[in-house]
1. Only residues that are loosely packed, with under 12 Cβ neighbours inside 10 Å, closer than 14 Å to Ser91 by Cα and either modelled with pLDDT under 90 or of a type in the set (S, T, N, Q) (or both): list them for the range 125-145, please.
2. Identify, please: which residue in the range 190-201 is surrounded by fewer than 16 Cβ atoms within 10 Å (Cβ to Cβ) and part of a helix (DSSP H, G or I) and is, among those, farthest from the chain's Cα centre (by Cα)?
3. When you go through Leu135, Leu123 one by one, which is the residue that is assigned to a helix (DSSP H, G or I), out of contact with any strand residue (DSSP E or B) (no Cβ under 8 Å at 6 or more places or on another chain) and aliphatic (A, V, I, L, M)?
4. Out of (1) at pLDDT 90 or above; (2) touching a Ser or Thr at 6+ places or on another chain (Cβ under 9 Å), what's the single condition that is false for Pro4?
5. Search the range 118-129 for residues that are more than 10 Å from Ala59 (Cβ to Cβ) and without any contact (Cβ under 8 Å) to a residue 12 or more places away in the chain and pair each with any residue that is open to solvent by less than 20 Å² (accessible area, probe 1.4 Å) and assigned to a helix (DSSP H, G or I) when their beta-carbon atoms are under 8 Å apart and the residues are at least 6 apart or on different chains.
6. Residues Ala164, Ala211: which one is open to solvent by less than 60 Å² (accessible area, probe 1.4 Å), more than 23 Å from Tyr106 (Cβ to Cβ), in contact (Cβ under 8 Å) with a residue 12 or more places away in the chain and of a type in the set (Gly, Ala, Ser)?
7. Kindly indicate whether Ala59 is surrounded by 18 or more Cβ atoms within 10 Å (Cβ to Cβ) and without any contact (Cβ under 8 Å) to a residue 60 or more places away in the chain.
8. If the requirement is being in contact with a helix residue (DSSP H, G or I) (Cβ under 8 Å, 6 or more places away or on another chain) and open to solvent by less than 20 Å² (accessible area, probe 1.4 Å), which of these qualifies: Leu185, Leu169, Leu112?
Amino acid sequence: MSEPTVNGSHTAWLLEVVPELRGYLSTEESQLVSRAAIPVQTVSPGALDVDQVLTRSGAFAAVVLDGVLLHRMSIGDQPGLRLLGRGDMLSPSGGLRTAILGESRYRASGQLRLAMLDDRVLLIARRFPRLFAGLQIRLADQHQRLAAQLVICQLPRVEDRLLALMWLLAETWGRVTAGGTVLPLALTHDALGELVGARRPTVTLALKELAERGSLFRQEGEWLLLEPPPQGPGPAPVRADPRVSPIQPALWTGDTEAVGEAVDTPQLSPSSFERLAAIVAALSDSHARTSGETRERLERSRRTRESTRSLREQIARRRLSRPEPPPAHRRAP
């Protein structure tokens, strides 16, 4: 992975980068914090090592000011993609990564501008600690959009997935015009497939169907959305929450010394043991009877095959020993 080109020569006002922070400050506090400026890094297009950029800037996080960042992941041969844009936050990986994730990399599709949240933000937050509540809200909104993308991938029809995804992205990048909602993202069919969990040929057919019914159109690297996303008839039915079953001790355990500590193995009562022994004995008798019947059927089948083969040989011999009839003479005209 080639290193990105990073130039840090600009600054931005903190309350303009994260405007919701004003909701956690009084009027007087907002006036004080409004004077705080944070550095801005300009990143060139290409592969991006988020941890490296944050470490070099001494930042604990960054906010995207302009541009689109692609985060690609894969499990096995199935790729996945999420888009990060204006207002989204980036944070270091922390070293924890699930073992089933085969790939996780970032790429800037064009020039990217990042506002770096560094020690200056931490110093301000020491005086106004509720600023972290505003940053947490920003992260929660971002996670909610990712959760919405997860639900979109569960829709049975690829057409519905694509239309819902377009409207989800339009909430961040779209603009409303007289002709409809414009999504200024040049997304390829491959990228759309990674976003909704579908293969490229299926995406192509689904987009053709959406265009034929007038739901959306692609024009000069943009998407024009005309049909609203699918809406359900009402709230989703209430289902039982998933629960984790408590771990129960096994009825029969292996070598307890292998785990380095003693395990209390439950003991069977005499009556339970007698019932279990009777069940095992009955199963053994049933298996013996079934095995004997199967052997008898196989023996009968073998004798039948031999008898059939013998009859075929006799018929063939009789045909060979039978004299051929003399040829019929033609009559003279």
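1. Looking only at the range 125-145, we keep the residues that are loosely packed, with under 12 Cβ neighbours inside 10 Å, and these are 126-127, 129, 136, 140, 143-144.
Checking the rest, the ones that are also closer than 14 Å to Ser91 by Cα come to 136, 140, 143.
If the condition is that a residue be loosely packed, with under 12 Cβ neighbours inside 10 Å, closer than 14 Å to Ser91 by Cα and either modelled with pLDDT under 90 or of a type in the set (S, T, N, Q) (or both), then Gln136 is the only one that fits.
2. Pro201
3. Details: Leu135 fails: out of contact with any strand residue (DSSP E or B) (no Cβ under 8 Å at 6 or more places or on another chain).
Exactly one residue qualifies, and that residue is Leu123.
4. (1) is the only condition that Pro4 fails.
5. Ala125/Leu131
6. Working: Ala211 fails: in contact (Cβ under 8 Å) with a residue 12 or more places away in the chain.
Within the list Ala164, Ala211, the selection yields Ala164.
7. Working: surrounded by 18 or more Cβ atoms within 10 Å (Cβ to Cβ): yes; without any contact (Cβ under 8 Å) to a residue 60 or more places away in the chain: yes.
So Ala59 passes the test.
8. On the way: Leu169 fails: in contact with a helix residue (DSSP H, G or I) (Cβ under 8 Å, 6 or more places away or on another chain); Leu112 fails: in contact with a helix residue (DSSP H, G or I) (Cβ under 8 Å, 6 or more places away or on another chain).
Going through Leu185, Leu169, Leu112 in turn, just one is in contact with a helix residue (DSSP H, G or I) (Cβ under 8 Å, 6 or more places away or on another chain) and open to solvent by less than 20 Å² (accessible area, probe 1.4 Å): Leu185.
The values are calculated or read from the model by the stated rules, or taken from the named source; none is laboratory data. Everything numeric in this text was worked out from a predicted model, so none of it was measured. Note: ideal-geometry Cβ built from the backbone for every residue, glycine included; neighbour counts use all protein chains shown. Surface accessibility is based on the protein's heavy atoms, side chains included, excluding ligands, DNA and RNA. Shrake-Rupley method; radii C 1.70, N 1.55, O 1.52, S 1.80 Å.
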